[in-house]
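Everything below concerns the one structure shown next.
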Amino acid sequence: MNNDEIVWQIVGNRFCSFRVKTNIDKLCRNEYNLTGICNMQSCPLANSQYATVKEHLGVTYLYVKTAERAHMPSKLWEKIKLPSNYTEALKIIDTELVYWPSWIKHKCKQRLTKIVQYLIRMRKLKLKGETKLVGIKKKTERRLKTREIRAEQVARLDKSIEKELLERLKSKAYGEDMPLNIKQEVWEQILADTGVEDQDDQDDQDDTELGELGSEFEMADEDEEEREYVSDVSQDSDSISDDFGDIEDFAQLTPKNKDYEYEYEYNQQKSQN
Amino acid sequence: MGISKKNLVVEPNSIKNKAKRLQLYSQQRIEKAKNKRETRKRLKLEEKDCPEAKKERLEKNVPNTQENTREFDETIAGIEFALSVKNIIPDAEFIKRGSQYSLEKIMDFCVNREYTDLLVVSEDHREPTYLTVIHLPNGPTAKFRITRVKDGKKIEGHGNPTAHKPEVILNNFSTRLGHTVGKVFASLFPQLPEFEGRQAVTFHNQRDFIFFRRHRYEFVSGKRVNLQEIGPRFTLRLQWLQKGLYDLKSGEYEWIFKPEMETSRRKFFL
């Protein structure tokens, strides 16, 4: 025969393996405990009539124990699955524990609320995605830092930006007419420059055509192709001057000496004026 | 008044003789207290006639407290960077992200409101560390590491930006990956710049480091351009590129940096 009084006298006053003593309170580690507090009212061992709510793998169950089954420890607890709907679960607790003490009913509902809330929170956190922590490798950091500084030196940013902007101006990216962002004298100079370059190109073409006159007589069929080849050469040179991507190539692509002279003369004229 | 200036100027700390030091100190204390009393008396007399003067004095007299001498909060660093990025890109908006919404949800909001791009600045140790550029609505998404940020105002001889739409200069984006990355940057800016602003924004790739600069330019002659830096300047380094929208779980990576890919010093990806 179980006697609740005797059980509590032993468990409560002498030794209980589930009891945890803190500075303030005595707590209970038994997983069937409704409140987690060590006292007679909420002790699952010293109460032959007891009910609690537990959660396993996201499903909540109502556990009920009555004095009638006290002689069968294997079937001591009646396990009732609670629906995931909170209000329905509350109703089931009400119907299962109809004539039970209101304290147990109330605490069971409170426990259910707590479990439902933490399940919701768990799902939310899962959906949010985990933040992944990445270690900082000091050695690679240091290496990258020096490489970055070196790359910046090699890039010669100001020069490459200047070249790109001039290229845009010369290729009429700002418009065929005089653009808004430029002085008139500079525009005139650029027009003059491009005119000179055109003349150069024409000269080149003349030279090559003269050189190839002999072959023209031999193969009349390939005449057009050869002429195309000539124009391709001039296009190629244009496209190279377009491509200011690689700074290391700049040294070879500096404008012709003629242009430099021109600029020099121009500046002189300006200073004389 | 009987206050010798000499005594007030000399600091007792500097005297090594203890007896002398104490003597001077006590003397200074007495003089200071006397001074205080006298000024109070004088003020009381003066302010008896005009209460406005008293009111004015009280308003001006704000004591230094811990609250109003608070140290500069460095957490602003990341936000400051985000704000400067906002100022670079025309028609951009800055919104403090908060923790309420996940990035997926924020992307949805942005798509619904027909934004073209979403930039996320992340911050570690009170410094901006990563910049995620999401092109909406279909991607690609690129994540860059931010280093060496320098605010425009800290650059010597810096200019001030105007609201004109800038030109975009993309240098050295030569590989296929480089082209896509270049497009990601180019799509942040309006296609038609306002040339009267004479502002140019540069993304220069050198050895896989992407240097950002912003200048105002002036054509001096047919051969020379004057540049004035507006700032800010910072360096980006590509971490990964995803084809679609930001999705770390099931997104398809077009390119992702791994240390083992650095087989030689002359191997570059952009």
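Rule-based calculations on the coordinates, nothing more; no lab input. It should be emphasised that the depicted structure is a prediction, and the values quoted were computed from it without experimental measurement. Positions of Cβ are generated from backbone atoms using ideal geometry, with glycine treated the same way; all protein chains shown enter the neighbour counts.
Couple of notes before you dig in:
- Spacing of the two label points (7 Å from each Cα toward its C-beta) at B:PHE109 and B:GLU80, in nm: 2.6 nm
- Computed from Cα positions, the angle between helix B:18-49 and the longest principal axis of chain B comes to roughly 90 degrees.
- Tilt relative to chain B, helix B:76-88 - C-alpha long axis, 0 to 90 degrees, to 10: 50 degrees
- Relative to its Kirkwood radius, the Cα radius of gyration of region B:1-154 gives an Rg/Rh of 1.34.
- Cα convex hull of region B:5-60 - mean projected area over all directions, nm²: 4.9 nm²
- Inter-chain shielding of A:163-170 (mean C-beta neighbours from other protein chains, 10 Å cut-off): 5
- With Cα atoms as the point set, region A:60-120 shows a radius of gyration and Dmax of 12.3, 38 Å.
- Averaged over B:202-211, number of beta-carbon atoms from partner chains that fall within 10 Å: 6
- Translational D in µm²/s for region B:88-261 (Stokes-Einstein at 37 °C, 0.692 mPa s, Kirkwood Rh from C-alpha pairs): 188 µm²/s
- Per residue of peptide B:225-232, the mean number of Cβ atoms on other chains within 10 Å of the residue Cβ is 2.
- Taking the Kirkwood radius as Rh and the Cα radius of gyration as Rg, region B:22-109 has a ratio of Rg/Rh equal to 1.38.
- Averaging the Cα positions of each part gives two centres, and for region B:200-270 and region B:105-171 these lie 12 Å apart.
- Helix-only [θ]222 nm of chain B, DSSP H runs n ≥ 4, -39500 (n - 2.57) each, per residue, nearest 500: -9500 deg cm²/dmol
- Cα-based helix-to-principal-axis angle, B:51-60 vs chain B, degrees rounded to 10: 50 degrees
- If you plug the beta carbon distance of B:SER264 and B:ASP91 into 1/(1 + (r/R0)^6) with R0 = 60 Å, you get a FRET efficiency near 0.90.
- Hits among lysines - C-alpha to C-alpha of B:LYS48 under 27 Å, sequence gap 8 or more where chains match: B:LYS32, B:LYS34, B:LYS36, B:LYS60
- Measuring nothing but how far apart in sequence close Cα pairs (under 8 Å, 6+ apart) lie, relative to its length, chain B scores a relative contact order of 15 percent.
- Calculated diffusion of region B:158-270, Stokes-Einstein form, Kirkwood radius summed over Cα pairs, 10 °C and 1.306 mPa s, µm²/s: 99 µm²/s
- When region A:4-128 is reduced to its Cα atoms, the Kirkwood hydrodynamic radius in Å: 15.7 Å
- Phi-based couplings in Hz for region A:171-187 (Karplus 6.51, -1.76, 1.60; Gly and Pro marked x): 7, 6, 5, 8, x, 5, 7, 5, x, 6, 9, 8, 7, 5, 5, 5, 5
- Cβ crowding within 10 Å averaged over residues, with A:84-94, B:172-182 ranked highest first: B:172-182, A:84-94
- Mean Cβ count within 10 Å, highest first, over the residues of peptides A:104-116, A:16-28, B:115-127: A:104-116, B:115-127, A:16-28
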